[in-house]
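Worksheet for the structure shown next.
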């Protein structure tokens, strides 16, 4: 640049001292290679026929130089011809970046390109220097204070250059000490624990909390400010923040100076503006009360509650502002919530996107917000929740943008991300309880995108054979009445399991209807028939032989079922919040070969503990009883416990009463008429896995057992009436992974109190079967 300006200055001075004004008859440009003559003429403020002097020539040279295409410009006169001699800046033929690991080469090149440094572009040294400083700042933002960027420019033929950027990233500096100065109300430990940034320690290797980040520190300071403001210290302020770096640029020291101020309480709470809703109802929604400690969180939460309540009345654009008026002498704050409802909004259209497979009608029938009606925030959110509970989507988002050109209309846009809701597979799997699994199945909870549930299966294992077909239409009527039916045949041979030695073949069919009674509750009614044939073996226990002797070995039963269910879960698959429960009663009706009833209750509850941890508790309680002249309960209807879905750490179906094999010393399970099971879990994200929506990892504590309220005669062990002292316990870690090929589950569990004939199993897994 200096040489160009010097040439320009010398040329201008020479021209000014030795030439007179003249009329330009022609303009000649020498030295162009890549830049077109048209580009030069477009930037040149002189045209043929102009009467020019030295001032115009100097101005023209500056205009050309400002284009950035030339590193040297000389202007001369050949008669009445203006001669412009230029030397173009070189072009970039290649950009090579070396030494970068923390930032990808593609990202660096993209940043260079946005700043004008790209292959084929004109090279300017000033731009390169600015980019070098910007790259260093990016590394400093990552805590790499020792990072340095150098650039080598290599000349190449045809006025081109090769640009090599050498990156020395250095190590990320770690935080050695965080100190808060000026706090007297809260201990240093409590205040520092609020920070996302942490001092370097033994476990810092597994995260990045000890790596300094300007953005994280800003968030920590805001978190500290909120902590004090939520506890009444309205005059709290951060006086200064110092971040110092050790001479070797490997350690960071953070000091925050604060002024806590005095603690304030609420003197009174008032409402102002256009309330829309009754004042007494609005007052009940106020969380802030007189004599409470002032809290900014309470104010913002109250604002949200009032805004949401007005949104339920159609005032989507309502604005509620909490205005605190402090009295510094009395150390009190008067709160006034000003309500500006705006105009009532109406829904123009409800739109869906992302549902490439699922039909719009399947989504639209879950809507509680209608098009053309006034917007209702609760119904819009409720519709979103109903979509999530379908189990068809990984994620559902909703936006309510205003309609352009209107002040009282919005659109409601739902965006969904679909996930596999079934499979069409030929499968080979293995289960510790059933052995080798071979089968083919078509199972779809969202068949062809219609929302109908269809399942056709043929599965065979060492223990069982199952053939089934089922169909359920969840919207048999527009009001949400469901209808389903199924036919099945299953054969079980328990001679190679821990269940007493016998075989059972059952063929049956069912039809059922479901009726919604609220947004989250429904009742169901069903009627079914099944025929069961029992075959005994040489080792079948006397207990079973005696039952078959008294009642025969072929049973045809008609079963009526009545059920109730409720679900407040946030998702249909692997939920993390809410609860669900169900109760069912099944009874054989007149015309059946046996008379019994079966009662079952299931429940589960999810409660977030922290941002990444969730607690879950669940239970299953079941009871079978006889009625009429029958006193014996059919053994093939018994409950069993142990294994997946029960008490992990014990072998499948191994708990509870056990009968001695007829010609053997082994004892195998015979089940019981009462089952009590429960689980307490801590769900946590699997490290290094970004998408956790198809994974569930947990630390669990299981308990349960099967009891028999009327222990049968014969050589029976572990048979008792319900007794909490007989519950079995286990603890361990488990994982469930919903893969495209099928569910994979495993657990590592320790049986805590095995007794008698209990059989334990530390590692349990299942692949290719429902879990």
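The values are calculated or read from the model by the stated rules, or taken from the named source; none is laboratory data. All figures in this text were calculated on a predicted structure; none of them were measured in a lab. Don't worry about glycine lacking a Cβ; one is built from the backbone with ideal geometry, like all the others, and counts go over all protein chains shown.
Could we say that residue 267 is part of a strand (DSSP E or B) and over 30 Å from residue 133 (Cα atoms) here?
Working: part of a strand (DSSP E or B): yes; over 30 Å from residue 133 (Cα atoms): yes.
In short, yes.
Among (1) at pLDDT 80 or above; (2) surrounded by fewer than 16 Cβ atoms within 10 Å (Cβ to Cβ); (3) under 60 Å from the mean Cα position of the chain (by Cα), there is one condition residue 23 misses while meeting the rest; what is its number?
(3) is the only condition that residue 23 fails.
Being at pLDDT 90 or above, assigned to a strand (DSSP E or B) and closer than 27 Å to residue 577 by Cβ: is that true of residue 699 here?
Working: at pLDDT 90 or above: yes; assigned to a strand (DSSP E or B): yes; closer than 27 Å to residue 577 by Cβ: yes.
Yes.
If you take the residues in segment 508-538 that are farther than 28 Å from residue 583 by Cβ and touching a strand residue (DSSP E or B) at 6+ places or on another chain (Cβ under 9 Å), which one is modelled with the lowest pLDDT? Walk me through how you get there before you give the answer.
Within segment 508-538, the subset farther than 28 Å from residue 583 by Cβ is 533-538.
Restricting the remaining residues to those that are touching a strand residue (DSSP E or B) at 6+ places or on another chain (Cβ under 9 Å) gives 533-537.
Numbers: 533: 92, 534: 89, 535: 87, 536: 84, 537: 77.
Going through the qualifying residues, I end up with 537.
Of the residues that sit in segment 605-652 and are at positive phi and at pLDDT 85 or above, which one is surrounded by the most Cβ atoms within 10 Å (Cβ to Cβ)?
Restricting attention to segment 605-652, the residues satisfying the condition of being at positive phi are 628, 642-643, 645, 649.
Of the ones still in play, those that are also at pLDDT 85 or above are 642-643, 649.
On the way: 642: 31, 643: 24, 649: 26.
Step by step, filter segment 605-652, then rank; the result is 642.
Scan segment 533-558 for residues that are in contact (Cβ under 8 Å) with a residue 40 or more places away in the chain and over 11 Å from residue 502 (Cα atoms) and jot them down.
Residues of segment 533-558 in contact (Cβ under 8 Å) with a residue 40 or more places away in the chain: 534, 537-547, 550-552, 555.
Result: 542, 543, 546, 547, 550, 551, 552, 555.
Report, by residue number, each residue of segment 343-380 that is surrounded by fewer than 15 Cβ atoms within 10 Å (Cβ to Cβ) and either more than 29 Å from the chain's Cα centre (by Cα) or closer than 19 Å to residue 311 by Cβ (or both).
343, 349, 370, 371, 372, 373, 378
Filter segment 669-678 for residues that are out of contact with any helix residue (DSSP H, G or I) (no Cβ under 8 Å at 6 or more places or on another chain), touching a residue at least 60 places away in the same chain (Cβ under 8 Å) and either surrounded by fewer than 24 Cβ atoms within 10 Å (Cβ to Cβ) or part of a loop (DSSP other than H, G, I, E, B) (or both) and give the result.
Step one: list which residues in segment 669-678 are out of contact with any helix residue (DSSP H, G or I) (no Cβ under 8 Å at 6 or more places or on another chain), which gives 669, 672-678.
Retained after the next criterion (residues that are touching a residue at least 60 places away in the same chain (Cβ under 8 Å)): 669, 678.
Of everything in segment 669-678, just one residue is out of contact with any helix residue (DSSP H, G or I) (no Cβ under 8 Å at 6 or more places or on another chain), touching a residue at least 60 places away in the same chain (Cβ under 8 Å) and either surrounded by fewer than 24 Cβ atoms within 10 Å (Cβ to Cβ) or part of a loop (DSSP other than H, G, I, E, B) (or both), namely 678.
In segment 91-122, how many residues are assigned to a loop (DSSP other than H, G, I, E, B) and either surrounded by fewer than 19 Cβ atoms within 10 Å (Cβ to Cβ) or out of contact with any strand residue (DSSP E or B) (no Cβ under 6 Å at 6 or more places or on another chain) (or both)? Give the derivation first.
Just the residues of segment 91-122 that are assigned to a loop (DSSP other than H, G, I, E, B), to begin with: 99-104, 115-121.
From the residues that got through so far, the ones that are either surrounded by fewer than 19 Cβ atoms within 10 Å (Cβ to Cβ) or out of contact with any strand residue (DSSP E or B) (no Cβ under 6 Å at 6 or more places or on another chain) (or both) too are 99, 101-104, 115-121.
So the count comes out to 12.
Taking segment 55-90, which residues are touching a residue at least 40 places away in the same chain (Cβ under 8 Å), surrounded by fewer than 19 Cβ atoms within 10 Å (Cβ to Cβ) and farther than 25 Å from residue 155 by Cβ?
58, 62, 76, 77, 78, 79, 80, 81, 83, listed by residue number.
Tell me which residues, restricted to segment 398-417, are outside any strand (DSSP E or B) and either closer than 26 Å to residue 359 by Cβ or under 21 Å from the mean Cα position of the chain (by Cα) (or both). Give the steps one after another, and end with the answer.
Filtering segment 398-417 for residues outside any strand (DSSP E or B) gives 400-401, 403-408.
Listed by number, the residues that qualify are 400, 401, 403.
Condition (residue is surrounded by 14 or more Cβ atoms within 10 Å (Cβ to Cβ), at pLDDT below 95 and more than 37 Å from the chain's Cα centre (by Cα)) applied to segment 305-312: is it met by at least one residue?
no
For residue 178, are the conditions met, namely being in a strand (DSSP E or B) and crowded, with 16+ Cβ neighbours inside 10 Å? So that I can check it myself, show each step before the final result.
Working: in a strand (DSSP E or B): yes; crowded, with 16+ Cβ neighbours inside 10 Å: yes.
So residue 178 passes the test.
From 225, 214, grab the single residue that is loosely packed, with under 13 Cβ neighbours inside 10 Å, closer than 30 Å to residue 141 by Cα and in the same structural domain as residue 191 (by TED's automatic domain parsing).
Details: 225 fails: loosely packed, with under 13 Cβ neighbours inside 10 Å.
Of 225, 214, the one residue that is loosely packed, with under 13 Cβ neighbours inside 10 Å, closer than 30 Å to residue 141 by Cα and in the same structural domain as residue 191 (by TED's automatic domain parsing) is 214.
Which one of these does residue 220 not meet: (1) surrounded by 15 or more Cβ atoms within 10 Å (Cβ to Cβ); (2) closer than 14 Å to residue 198 by Cα; (3) touching a strand residue (DSSP E or B) at 6+ places or on another chain (Cβ under 6 Å)?
(3)
Would you point out which residue out of 236, 253 is in contact (Cβ under 8 Å) with a residue 24 or more places away in the chain, in the same structural domain as residue 217 (by TED's automatic domain parsing), more than 22 Å from residue 334 (Cβ to Cβ) and surrounded by 14 or more Cβ atoms within 10 Å (Cβ to Cβ)? Even if it seems obvious, please write down each step before you answer.
Details: 236 fails: more than 22 Å from residue 334 (Cβ to Cβ).
Just a single option satisfies the conditions, and that option is 253.
Yes or no, residue by residue, for (1) crowded, with 17+ Cβ neighbours inside 10 Å; (2) assigned by TED's automatic domain parsing to the domain that holds residue 561; (3) out of contact with any strand residue (DSSP E or B) (no Cβ under 7 Å at 6 or more places or on another chain); (4) modelled with pLDDT of 85 or more:
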position: 433; (1), (2), (3), (4): yes, yes, yes, no
position: 441; (1), (2), (3), (4): yes, yes, no, no
position: 445; (1), (2), (3), (4): yes, yes, no, no
position: 449; (1), (2), (3), (4): yes, yes, yes, yes
position: 465; (1), (2), (3), (4): no, yes, no, no
position: 474; (1), (2), (3), (4): yes, yes, no, yes
position: 479; (1), (2), (3), (4): no, yes, yes, yes
position: 482; (1), (2), (3), (4): yes, yes, no, yes
position: 489; (1), (2), (3), (4): no, yes, no, yes
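With respect to the numbered conditions (1) more than 38 Å from the chain's Cα centre (by Cα); (2) within 27 Å of residue 182 (Cα to Cα); (3) assigned to a strand (DSSP E or B), which one is the sole condition not fulfilled by residue 253?
Condition (1) is where residue 253 drops out.
When you go through 156, 142 one by one, which is the residue that is surrounded by 12 or more Cβ atoms within 10 Å (Cβ to Cβ) and farther than 30 Å from residue 67 by Cβ? Reasoning before the result, please.
Values: 156 fails: farther than 30 Å from residue 67 by Cβ.
Unique residue meeting the criteria: 142.
Please find, among 344, 348, 368, the residue that is closer than 18 Å to residue 520 by Cβ and not in a helix (DSSP H, G or I).
Details: 344 fails: closer than 18 Å to residue 520 by Cβ; 348 fails: closer than 18 Å to residue 520 by Cβ.
When all the criteria are applied, what remains is 368.
When residues of segment 34-54 are filtered for being in contact with a helix residue (DSSP H, G or I) (Cβ under 9 Å, 6 or more places away or on another chain) and either in contact (Cβ under 8 Å) with a residue 60 or more places away in the chain or assigned to a helix (DSSP H, G or I) (or both), how many remain? Show your work before the answer.
First, the residues of segment 34-54 that are in contact with a helix residue (DSSP H, G or I) (Cβ under 9 Å, 6 or more places away or on another chain): 40, 43-47, 50, 52-54.
This time we only want the ones that are either in contact (Cβ under 8 Å) with a residue 60 or more places away in the chain or assigned to a helix (DSSP H, G or I) (or both), so: 40, 43, 54.
So the count comes out to 3.
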